[in-house]
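Step one of this worksheet: look at the structure below.
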Amino acid sequence: MQTNPNLSKANFKIFAIRDFRFYIVSRLLFVIAVQMQAVVVGWQVYSITKDPLALGMIGLAEALPSIAVALYAGHLADRIPRKLIAVVAMSVLILCSVLLWMFTWDGEIFLKSNGAYPIYLTIILSGLARGFIAPSIFAFMTQIVPREFYPNSAAISGTSFQIGAVVGPALGGIVYGFYGVSFAYALDLFFISLAFILFLFIPSRPLPPFDSKERLRSSLISGLKFVFKNEYVLGAMSLDMFAVLFGGAVALLPIFAADILHVGSEGLGMLRAAPAMGAVGMAFFLSFKPPLRNSGRILLWSVGGFGFSMIVFGLSTSFIISLIALFMSGVFDSISVVIRSTIMQVMTPDTLRGRVSSVNKIFIGSSNEIGAFESGVTAKLMGTVPSVLFGGIMTLLIVAASLKTFPKLSKLELKDHL
């Protein structure tokens with residue numbers, strides 16, 4: 001990995017940008033809230049149903065609405081002030097946190113009468129909101145920082161995400177275990193509300209010029225056209241999508257925690273936090289040494305390393321080895337995320353950022369949730385451990401296939417595009 005001295009200095013100078021500071025702290029608190037909620041919802045649903053497929057259904061309930069609105073959300077992000085879209089979407093997510101908290105009142109009598117269905121309906125609503133927030137936030141961030149800061153902003157944004165992904169699951173599992181589900185949801189509501197307040201302090205930005213006469217259909221497919229014509233963007237998105245779709249095992253962690261490793265909700269929080277702990281260290285390192293040389297090859301190796309880590313995790317019956325395998329999966333995933341984010345930032349025209357980000361949401365953002373559903377289905381059909389091994393092996397095969405499908409990607413040098 002080659003260090004550009006100017007970029008290393010930019011890593012510090014970027015914090016002089018007031019709005020970027022507010023953005024990063026808001027993002028951190030938002031991720032803590034979302035990750036806390038994911039742990040609590042997963043443990044609560046599994047406690048109610050004792051069914052691995054029910055865990056997969058959580059992901060599907062969020063992914064399908066998100067995919068359904070993604071292209072239109074990208075269109076709006078290039079037509080309507082991006083901050084406005086994000087504010088409305090975050091407001092809906094706050095409402096979802098309130099509902100989940102209310103479901104736990106009076107000893108969860110409401111859920112005991114209705115099962116997990118109210119939780120699924122709330123997750124569907126949150127999926128709609130997250131479908132709108134993803135393209136607006138990505139496009140808005142590129143307006144906050146100058147172009148020369150893009151590699152550093154991608155790495156620092158990734159670092160804040162991963163710190164939140166460490167703190168959120170650990171906090172969610174510990175609070176759930178020691179103080180109960182109602183208090184855990186109340187704390188989730190506190191963090192997401194604080195993130196919302198901080199985001200409000202960032203001034204809105206004017207939109208790039210756009211063709212007001214462009215038809216809706218043409219606008220919706222323009223992002224797709226750009227992605228499918230750009231081998232670097234398409235290759236990076238495809239790699240991450242299939243790796244997450246097949247290789248991720250996050251949805252099954254409650255089963256590993258309860259039935260295989262026998263570590264309870266507190267252990268579940270540690271398992272959920274382990275990938276993020278690896279990712280945050282690597283993202284911090286990459287903020288100083290962005291992978292600007294041999295970027296494509298590093299991307300391919302990192303996705304392969306992710307798949308191998310999941311195979312080790314699937315085979316492990318030791319809590320420590322499982323934590324190490326998940327930690328390494330986070331290290332490799334962080335490299336992939338930073339490279340992909342930088343590719344999107346430097347190669348996407350300003351006028352298409354919302355729509356290209358919406359395509360990215362379909363490719364990658366929703367593949368987390370669909371991957372959770374795939375994990376639930378394969379665990380139901382094959383068993384928990386075989387389903388994780390299957391996903392890891394599929395990830396390695398996808399890396400091998402990408403070498404032929406996207407030959408230019410392996411030769412990518414990001415330093416040539418800055």
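The values are calculated or read from the model by the stated rules, or taken from the named source; none is laboratory data. No experiment lies behind these values; they were computed from the predicted model shown. Because the Cβ atoms are built from the backbone with ideal geometry, glycine has one as well, and the counts that use them run over all protein chains shown.
The set of residues from segment 159-201 being buried (at least 21 other Cβ atoms within 10 Å of the Cβ) and over 30 Å from Ala258 (Cα atoms) comprises Ala195, Phe199. Look at Phe149 and say whether it is out of contact with any Asp or Glu (no Cβ under 6 Å at 6 or more places or on another chain), part of a helix (DSSP H, G or I) and within 30 Å of Pro291 (Cα to Cα). So Phe149 fits the description; yes.
Against the definition (at pLDDT below 80, in a helix (DSSP H, G or I) and surrounded by 24 or more Cβ atoms within 10 Å (Cβ to Cβ)), how does Ser329 come out, yes or no?
No; evaluated as a whole, the condition is false for this residue.
Residues in segment 104-116 that are crowded, with 18+ Cβ neighbours inside 10 Å and either at pLDDT 85 or above or assigned to a helix (DSSP H, G or I) (or both): Leu111 alone.
Per this entry, Leu299 is counted among residues that are touching a residue at least 12 places away in the same chain (Cβ under 8 Å) and assigned to a helix (DSSP H, G or I). Please give the number of the condition Gly305 fails out of (1) touching a Lys or Arg at 6+ places or on another chain (Cβ under 7 Å); (2) surrounded by fewer than 21 Cβ atoms within 10 Å (Cβ to Cβ); (3) assigned to a helix (DSSP H, G or I); (4) not β-branched (Val, Ile, Thr). Among (1) touching a Lys or Arg at 6+ places or on another chain (Cβ under 7 Å); (2) surrounded by fewer than 21 Cβ atoms within 10 Å (Cβ to Cβ); (3) assigned to a helix (DSSP H, G or I); (4) not β-branched (Val, Ile, Thr), the lone unmet condition for Gly305 is (1).
Please state which one of Ile119, Ile94, Ile80 is outside any helix (DSSP H, G or I) and not acidic (Asp, Glu). Spell out the reasoning first.
Working: Ile119 fails: outside any helix (DSSP H, G or I); Ile94 fails: outside any helix (DSSP H, G or I).
Checking each option against the conditions leaves just Ile80.
Within this structure, Val45 passes the test of being assigned to a helix (DSSP H, G or I), among the β-branched types (Val, Ile, Thr) and buried (at least 21 other Cβ atoms within 10 Å of the Cβ). So for segment 228-241 (the condition being over 24 Å from the mean Cα position of the chain (by Cα) and either closer than 21 Å to Val88 by Cβ or not in a helix (DSSP H, G or I) (or both)), does at least one residue qualify? No, segment 228-241 contains no residue that is over 24 Å from the mean Cα position of the chain (by Cα) and either closer than 21 Å to Val88 by Cβ or not in a helix (DSSP H, G or I) (or both). Scanning segment 185-222 for residues that are in a helix (DSSP H, G or I) and over 25 Å from Tyr23 (Cα atoms) yields Leu216, Arg217, Ser218, Ser219, Leu220, Ile221, Ser222.
Only one entry in Val377, Val385, Val359 is modelled with pLDDT under 80, surrounded by fewer than 21 Cβ atoms within 10 Å (Cβ to Cβ) and either of a type in the set (A, V, I, L, M) or in a loop (DSSP other than H, G, I, E, B) (or both), namely Val377.
Taking segment 254-274 as the range and being part of a helix (DSSP H, G or I), of a type outside the set (Gly, Ala, Ser) and more than 17 Å from the chain's Cα centre (by Cα) as the test, the residues that pass are Pro254, Ile255, Phe256, Asp259, Ile260, Glu266, Leu268, Met270. Do you know which of the residues in segment 132-146 that are more than 14 Å from Pro208 (Cα to Cα) and not β-branched (Val, Ile, Thr) is nearest to the chain's Cα centre (by Cα)? It comes out as Ala134. If we scan segment 285-297, do we find a residue that is among the hydroxyl-bearing types (Ser, Thr, Tyr) and surrounded by fewer than 23 Cβ atoms within 10 Å (Cβ to Cβ)? The answer is no; no qualifying residue exists. Residues that are at pLDDT 80 or above and either crowded, with 23+ Cβ neighbours inside 10 Å or among the hydrophobic types (A, V, I, L, M, F, W, C) (or both) within segment 255-267 comprise Ile255, Phe256, Ala257, Ala258, Ile260, Leu261, Val263, listed in sequence order.
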